[in-house]
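> Before I ask anything, here is the structure I am working with.
The values are calculated or read from the model by the stated rules, or taken from the named source; none is laboratory data. Just so it is clear, the model here is predicted, and its values are computed rather than measured. FYI the Cβ positions are ideal-geometry reconstructions off the backbone, even for glycines, and counts take in every protein chain you see.
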Amino acid sequence: PRSYSVTLLPGDGIGPEVVSIAKDVLSVAGSHEGIEFRFREMPVGGAAIDSIGVPLPEETLAAAKESDAVLLGAIGGYKWDGNEKHLKPETGLLQLRAGLGVFANLRPAAVLPQLVDSSTLKKEVAEGVDIMVVRELTGGIYFGKPRGFGTNDKGEDIGFNTEVYSASEIDRIARVAFEVARKRRGKLCSVDKANVLEASMLWRKRVTMLASKFSDVQLSHMYVDNAAMQLIRDPKQFDTIVTNNIFGDILSDEASMLTGSIGMLPSASVGESGPGLFEPIHGSAPDIAGQDKANPLATVLSAAMLLRYGLGEENAAKRIETAVMETLNRGFRTGDIISTGMTLVGCKRMGVEVLRSVDSQTALT
Ligand code: NAD
Ligand code: IPM
Ligand code: MN
């Protein structure tokens, strides 16, 4: 059998609940395709702060780099919110993304036919939405220098950050986005704030320059404030969106709500080489952690992206995606996507039902 090593980073809050389900689904879907996984679980985020003293221990980054792919749950929680920056769970996640060099974050937001009623938008607006947000992940204001705290000339406390992008950082994310758009419906919308920010002016210039190499892709530009509005007004106008780190963070949470719940949205983060990082776009959801209420499907679908984009195992990825669709067809819903006539289940039961669907596929093939 083909064998892969996967680093599991459960993290905090609902992270361990959803990763344990995604792990089982990976194992079973893999076994049907002759794939065997060697899992190694490592601490990250608040869990790592508590057990080792830092949010990204050296051993965790080393294990991640040595493996074929990394599956992360979520990090963060009230307990560590007051920590100094280098001891925040979020800092560990940013160090992990930077350490793996995963600059391209793919966040698909598709409204599944089964979940049209879970969207807060009107059926005719939500139905058929299928967007891919390509978020730059290792640059911009998250990493720009100078940053920090200080005092201004009036002696007042200040906090400051820097939005900065180099031409090569823009080019490489734009290239990924053009390639993605080319394989989808051939439309790419670059979202920026080029009417105000220099980093966005360069962004727009470089993206426009690259467009000549992708003449089969129809490129458009939109300011981020308008894009936030258009996503709600008429989401079907979008195919692929490419944007910077912080705009991508915000717009992908917004796009998730078109689909019914942030608990449904997976992501894949990839770099030039080395293992990819796969994680749901949601956080540790401290308000529902430990109550068996979390929707595990975002992480299960992230496992499918791990198979597709991380390992090139398309068939196994499809098995997982089909199983998720079947489970929804059979009427199972966690609280975040519940609608009338459906069966309310917890995180664990949802996992059991997805596994049942994965298993029932073997009989068919
Ligand atoms: P969140 O995504 O954790 O939660 C927002 C809301 O969505 C909550 O009401 C939560 O219950 C709900 N939700 C999220 N995931 C869900 C799921 N799978 N099923 C059902 N409901 C779900 O965002 P937040 O509350 O702003 O942040 C909480 C913590 O998570 C913070 O510490 C934040 O820094 C961290 N965070 C981490 C990541 C990550 O690990 N990638 C992402 C976002 C936020
Ligand atoms: C996400 C999260 C992270 C981000 C935080 C927790 C650092 O919101 O993965 O979307 O802003 O990228
Ligand atoms: Mn986010």
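> Do the conditions hold for GLY82, that is, is it surrounded by fewer than 16 Cβ atoms within 10 Å (Cβ to Cβ), without any contact (Cβ under 8 Å) to a residue 12 or more places away in the chain and in the same structural domain as SER168 (by TED's automatic domain parsing)?
Details: surrounded by fewer than 16 Cβ atoms within 10 Å (Cβ to Cβ): yes; without any contact (Cβ under 8 Å) to a residue 12 or more places away in the chain: yes; in the same structural domain as SER168 (by TED's automatic domain parsing): no.
No: the conditions fail for GLY82.
> Assuming GLU314 fulfils every condition listed in (1) more than 15 Å from ligand 3 (Cβ to nearest atom); (2) crowded, with 24+ Cβ neighbours inside 10 Å apart from one, which condition is it?
That leaves (2) as the condition not met.
The rows are residues; the columns are (1) assigned to a helix (DSSP H, G or I); (2) more than 21 Å from the chain's Cα centre (by Cα); (3) surrounded by 20 or more Cβ atoms within 10 Å (Cβ to Cβ).
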| site | (1), (2), (3) |
| --- | --- |
| GLY76 | no, no, yes |
| LEU94 | yes, no, no |
| PRO108 | no, no, yes |
| GLY155 | no, yes, no |
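> Those residues that are in a helix (DSSP H, G or I), closer than 19 Å to ILE262 by Cα and among the small types (Gly, Ala, Ser), I need them from region 324-365; list them, please.
Passing the criteria: GLY335, GLY351.
> May I pose another question? Return the residues of region 157-171 that are surrounded by fewer than 18 Cβ atoms within 10 Å (Cβ to Cβ), out of contact with any Phe, Trp or Tyr (no Cβ under 6 Å at 6 or more places or on another chain) and outside any loop (DSSP other than H, G, I, E, B); say none if nothing qualifies.
Those that are surrounded by fewer than 18 Cβ atoms within 10 Å (Cβ to Cβ), out of contact with any Phe, Trp or Tyr (no Cβ under 6 Å at 6 or more places or on another chain) and outside any loop (DSSP other than H, G, I, E, B): ASP157, ILE158, PHE160, ALA167, SER168, ASP171.
> Is it true that some residue in region 214-225 is outside the structural domain of ASP336 (by TED's automatic domain parsing), touching a residue at least 24 places away in the same chain (Cβ under 8 Å) and within 16 Å of ligand 2 (Cβ to nearest atom)?
Yes, there is a match, as at least one residue in region 214-225 is outside the structural domain of ASP336 (by TED's automatic domain parsing), touching a residue at least 24 places away in the same chain (Cβ under 8 Å) and within 16 Å of ligand 2 (Cβ to nearest atom).
> Now a separate question. Please work out which one of (1) surrounded by 11 or more Cβ atoms within 10 Å (Cβ to Cβ); (2) free of Cβ contacts under 8 Å to residues at least 24 places away in the same chain is the condition PHE149 fails and give its number.
If we test PHE149 against (1) surrounded by 11 or more Cβ atoms within 10 Å (Cβ to Cβ); (2) free of Cβ contacts under 8 Å to residues at least 24 places away in the same chain, just (1) comes out false.
> Right, something else. Those residues that are in contact (Cβ under 8 Å) with a residue 40 or more places away in the chain and in a helix (DSSP H, G or I), I need them from region 190-204; list them, please. Explain how you work it out, then say what you get.
Keep residues of region 190-204 that are in contact (Cβ under 8 Å) with a residue 40 or more places away in the chain, which gives 190-193, 199-200, 203.
The answer is ALA199, SER200, TRP203.
> Does any residue of region 248-264 turn out to be within 16 Å of ligand 3 (Cβ to nearest atom), among the charged types (D, E, K, R) and more than 23 Å from GLY46 (Cα to Cα)?
Looking through region 248-264, at least one residue is within 16 Å of ligand 3 (Cβ to nearest atom), among the charged types (D, E, K, R) and more than 23 Å from GLY46 (Cα to Cα).
> Let me ask something additional. Of all residues in region 228-251, how many are in contact with a Lys or Arg (Cβ under 6 Å, 6 or more places away or on another chain) and within 12 Å of ligand 2 (Cβ to nearest atom)?
1
> May I pose another question? Counting just the residues of region 1-41 that are within 18 Å of the chain's Cα centre (by Cα) and part of a strand (DSSP E or B), which one comes out farthest from GLU321 (Cα to Cα)?
Among them, the one singled out is GLY11.
> Return yes or no: is VAL207 under 20 Å from ARG184 (Cα atoms) and outside any helix (DSSP H, G or I)?
Numbers: under 20 Å from ARG184 (Cα atoms): yes; outside any helix (DSSP H, G or I): no.
So VAL207 fails the test.
> Taking region 285-297, which residues are on the phi < 0 side of the Ramachandran plot, of a type outside the set (D, E, K, R) and surrounded by fewer than 24 Cβ atoms within 10 Å (Cβ to Cβ)?
The answer is PRO286, ILE288, ALA289, GLN291.
> Can you pull out every residue in region 298-311 that is buried (at least 22 other Cβ atoms within 10 Å of the Cβ) and within 14 Å of the chain's Cα centre (by Cα)?
Matches in region 298-311: ALA298, THR299, VAL300, LEU301, SER302, ALA303, ALA304, MET305, LEU306, GLY310.
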